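Engineer: My structure is below; once you've seen it, I'll send some questions.
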Amino acid sequence: MADIPYKTYLSEDELPKAWYNIRADMKKKPAPLLNPATLKPVAAEELERVFCRECVKQELDDETPLIPIPKAVHDFYRMYRPSPLVRAYFLEKALGTPAKIYYKFEGNNTSGSHKLNSAIAQAYYAKAQGLTDVTTETGAGQWGTALSMASAFFGLKCHVFMVKCSYEQKPFRREVMRTYGADVTPSPSMTTKIGREINERFPGTNGSLGCAISEAVEKATGMPNARYLLGSVLNQVCLHQSIIGLESKAALDRLGVRPDVIIGCAGGGSNLAGLIAPFMGEKLRGENDYRIVAVEPSSCPSFTRGRYAYDFCDTGRVCPLQKMYTLGSSFIPSPSHAGGLRYHGMSALLSELYDQGLMEAKSVEQTSVFEAATLFARTEGTLPAPESAHAIRAAVDEALECKAAGREETILFGLTGTGYFDMVAYGRYNDGEMKDCIPTDDDLAAGFAALPKV
Ligand SMILES: *Cc1c(COP(=O)(O)O)cnc(C)c1O
């Protein structure tokens, strides 16, 4: 392994100066957000009541390919970026595969995931607009942690609604957020109207991202100088995450390596959209071709078993309608251990690319995910987040197929974060108590029946 480096770091000077907007190169764009009352595309002014002005501009911009990264955000990126691109020699060896496996590691910051890439951008735009408070939801806790860090950096007060099962399962995540100055409320809570309603309708509920979003939006719109920030799904978040793919491509280009397959886990779709961004750009412009694979948990299979339809982004139905692959906003997935992948829908951008046949999707079961996570930890050293381990599972399966077929192939996957706060889940797996929860067709039918008629 002497001839090729184990890790490839770009220099700070090579850190990209602009984000890349995939939508600019799409002939058929993602469908517009709709106002749930009028069913007309939402106007920027309507969105600006909930989101920051500049973020709304980015959300609606389907034309500008390169959007400059503000200097303050770029400076913050320099504290923890460029992130390393790693050749997984030891995993390859353990698998005995002829495939070459690379991964882009986003866990090298205290929040422990890629979410900081968008949190710092969104917090910057909130501050630049003169806001004092931001609200958000968090599922597994990574986004809440990232936004707490970003808010502390720019002197914003951050209010986090944390899905109840994570709040109870991950007390240390909660304390990291509080250490960065955020207040953290388990959701559904009794502090918002929608939270009280949900508690009444589903007594003893574990909560879901959809519920927590509704609470955070209600809180933001009830305060004068506050806006709501979302950590995934939206176009703007996919845009900010393009830093992952741009760095990956630059590092691979330096090595003279072209990936055949690019694999990422998909919850709301932001890390995957970011990882594939420049590669998808080449694909859309007809310059190059890549196989792209989204990996989701079989407990929350938005792409592989969902419908491509307009749906609410949240359980309380306060957000605009978005056309996406969805299980229905009323679908509450079983409390799986990859909290960051428990969202009922999928980014509109990825949904449209998937619908156009430009990418594939597969679902994987929880126990097989932890098996892959354990193999990865023991061979590559890094303890992966359960979410990231979905991509590891798929990359390992791909590498094993290469072995069976004697195929030399280059695989790139996104290692989105570390699993230090997920030891309850690892404990379950180590004790042999982990179960696979796969919704039945009837479970899914109930979610589809509640889709809005558009
Ligand atoms: C949130 C999260 C994900 C899933 O979110 P996407 O928006 O789909 O990228 C994946 N991995 C980690 C570590 C996360 O924190």
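Engineer: Would it be correct to say that Glu360 is among the acidic types (Asp, Glu), closer than 24 Å to His240 by Cα, open to solvent by less than 20 Å² (accessible area, probe 1.4 Å) and under 19 Å from the mean Cα position of the chain (by Cα)?
Structural biologist: No.
Engineer: Right, next: Name the single residue that is least open to solvent (accessible area, probe 1.4 Å) among those in the range 26-52 being under 22 Å from the mean Cα position of the chain (by Cα) and not hydrophobic (A, V, I, L, M, F, W, C).
Structural biologist: Top of the filtered list is Pro30.
Engineer: Select, from Leu358, Leu353, the only residue that is assigned to a loop (DSSP other than H, G, I, E, B) and of a type outside the set (Gly, Ala, Ser).
Structural biologist: Exactly one of Leu358, Leu353 is assigned to a loop (DSSP other than H, G, I, E, B) and of a type outside the set (Gly, Ala, Ser), namely Leu358.
Engineer: Please find, among Glu387, Glu380, the residue that is touching a Gly at 6+ places or on another chain (Cβ under 8 Å), among the charged types (D, E, K, R) and assigned by TED's automatic domain parsing to the domain that holds Ala99.
Structural biologist: Only one candidate passes the filter, namely Glu387.
Engineer: Only one residue in Ala395, Ala377 is assigned to a helix (DSSP H, G or I), closer than 26 Å to Ile22 by Cβ and not aromatic (Phe, Trp, Tyr). Which one?
Structural biologist: None of the others qualify; the one that does is Ala395.
Engineer: Which one is farthest from the ligand (Cβ to nearest atom), of the residues in the range 220-246 that are assigned to a helix (DSSP H, G or I), within 17 Å of Glu48 (Cβ to Cβ) and open to solvent by 20 Å² or more (accessible area, probe 1.4 Å)?
Structural biologist: The residue in question is Thr221.
Engineer: Return only the number of the condition from (1) under 29 Å from Phe448 (Cα atoms); (2) open to solvent by 10 Å² or more (accessible area, probe 1.4 Å) that Pro278 does not satisfy.
Structural biologist: (1)
Engineer: Mind checking which strands (runs of 3 or more DSSP E) fall wholly inside the range 265-338 and carry at least 2 residues that are within 16 Å of Pro36 (Cα to Cα) and within 16 Å of the ligand (Cβ to nearest atom)?
Structural biologist: The strands (runs of 3 or more DSSP E) meeting that bar are 321-326.
Engineer: Out of the residues in the range 147-175 that are in a loop (DSSP other than H, G, I, E, B) and free of Cβ contacts under 8 Å to residues at least 40 places away in the same chain, which is farthest from Ser232 (Cα to Cα)?
Structural biologist: Gly155
Engineer: Continuing with the same structure: Hey, among Val50, Val73, which residue is more than 16 Å from the ligand (Cβ to nearest atom) and either polar (S, T, N, Q) or modelled with pLDDT of 95 or more (or both)?
Structural biologist: The conditions single out Val73.
Engineer: Looking at the range 176-198, which of its residues are open to solvent by 50 Å² or more (accessible area, probe 1.4 Å), more than 18 Å from Gln142 (Cα to Cα) and in a helix (DSSP H, G or I)?
Structural biologist: The answer is Lys193, Arg196, Glu197.
Engineer: Continuing with the same structure: Inside the range 15-90, counting only strands (runs of 3 or more DSSP E) that do not spill past its ends, which hold 3 or more residues that are touching a residue at least 60 places away in the same chain (Cβ under 8 Å)?
Structural biologist: 85-87
Engineer: Does Ile101 meet the test of being crowded, with 16+ Cβ neighbours inside 10 Å and not assigned by TED's automatic domain parsing to the domain that holds Leu239?
Structural biologist: Spelling it out, it is not the case that Ile101 is crowded, with 16+ Cβ neighbours inside 10 Å and not assigned by TED's automatic domain parsing to the domain that holds Leu239.
Engineer: Within the range 306-332, restricting attention to residues that are of a type in the set (Lys, Arg) and more than 19 Å from the chain's Cα centre (by Cα), which residue is farthest from Ala220 (Cα to Cα)?
Structural biologist: In this case the residue turns out to be Arg307.
Engineer: Residues in the range 129-141: is at least one open to solvent by 50 Å² or more (accessible area, probe 1.4 Å) and under 18 Å from Leu230 (Cα atoms)?
Structural biologist: Within the range 129-141 (the criterion being open to solvent by 50 Å² or more (accessible area, probe 1.4 Å) and under 18 Å from Leu230 (Cα atoms)), the answer is yes, since at least one residue qualifies.
Engineer: May I pose another question? Using the structure shown, decide if Ala389 is outside any loop (DSSP other than H, G, I, E, B) and within 14 Å of the ligand (Cβ to nearest atom).
Structural biologist: Yes, satisfied.
The values are calculated or read from the model by the stated rules, or taken from the named source; none is laboratory data. As the structure is a computational prediction, the values presented were derived from the model and not from experiment. Virtual Cβ from ideal backbone geometry, glycine too; neighbours counted across all protein chains shown. Ligands, DNA and RNA are stripped out before the accessible areas are found, and what is left, the full protein with its side chains, is counted by its heavy atoms. Shrake-Rupley method; radii C 1.70, N 1.55, O 1.52, S 1.80 Å.
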